[in-house]
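The values are calculated or read from the model by the stated rules, or taken from the named source; none is laboratory data. On a predicted model such as this, the values are computed, not experimentally measured, just so you know. No Cβ is skipped: glycine too gets one built from the backbone with ideal geometry, and neighbour counts run over all protein chains shown. Only protein heavy atoms, including side chains, enter the accessible area calculation; ligands, DNA and RNA are left aside. Shrake-Rupley method; radii C 1.70, N 1.55, O 1.52, S 1.80 Å.
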Amino acid sequence: MKMVTAVVRPEMFDAVRAALEADGIYGMTVSEVMGRGAQKGIALRFRGKTMPVELIPKVKIDMVVRDADVERIVGIVRANGRTGRPGDGRIFVLPVESICRVRTDQEDPEEV
Ligand SMILES: Nc1ncnc2c1ncn2[C@@H]1O[C@H](COP(=O)(O)OP(=O)(O)OP(=O)(O)O)[C@@H](O)[C@H]1O
Ligand SMILES: [Mg+2]
């Protein structure tokens, strides 16, 4: 199992969520976060002045998925989260050691 962490634009989140859902991906943890990437924030121009904005709002989606599904899910996020402009986000894939469902005694449930 893998943890797919996708950081996307807030305005693209709903399209990404809908596309994941259409593919049968339901389990996710969604957080409103602040972040920055290669551009180290942005320079905002307002009334002739330039103000540095260090951190930009993003939406983070955490999904624990089967290894076999990772490539497809990453493809869905890329296809539906992209505007082509800087700041479209990043996708990280991490190994997952175990899953425990609190309601039952079952550890490492087969379905994630
Ligand atoms: N190295 C990193 N570690 C953790 N989070 C990151 C990292 N790089 C980017 N992020 C997260 O991804 C968000 C979006 O990053 P962003 O899309 O600007 O990446 P980028 O590499 O600068 O790509 P682009 O050039 O397209 O803007 C950031 O706001 C931050 O939350
Ligand atoms: Mg960037």
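Side notes on the structure shown:
- Any hit, the range 67-82, residues being at pLDDT 95 or above, in a loop (DSSP other than H, G, I, E, B) and within 15 Å of ligand 1 (Cβ to nearest atom): yes
- Taking the criterion of being outside any strand (DSSP E or B), open to solvent by less than 60 Å² (accessible area, probe 1.4 Å) and within 17 Å of Gly87 (Cβ to Cβ), the residues of the range 11-62 that qualify are Met12, Phe13, Ala15, Val16, Gly37, Gly41.
- Yes/no for Leu20 being without any contact (Cβ under 8 Å) to a residue 24 or more places away in the chain and of a type in the set (A, V, I, L, M): no
- Positions within the range 67-91 being exposed (fewer than 12 other Cβ atoms within 10 Å of the Cβ) and within 16 Å of ligand 2 (Cβ to nearest atom), in sequence order: Thr83, Gly84, Arg85, Pro86
- Cβ separations smaller than 6 Å between residues 6+ apart or across chains give the following pairs from the range 29-44 residues that are at pLDDT below 95 to residues that are polar (S, T, N, Q): Ala43/Thr50.
- Identity of the residue in the range 92-112, part of a loop (DSSP other than H, G, I, E, B) and open to solvent by 100 Å² or more (accessible area, probe 1.4 Å), that ends up nearest to Gly41 (Cα to Cα): Glu97
- Boolean, Val30 is touching a Lys or Arg at 6+ places or on another chain (Cβ under 9 Å), within 16 Å of ligand 1 (Cβ to nearest atom) and within 19 Å of Lys2 (Cβ to Cβ): yes
- Check on Ala22, in contact with a helix residue (DSSP H, G or I) (Cβ under 7 Å, 6 or more places away or on another chain) and among the small types (Gly, Ala, Ser): no
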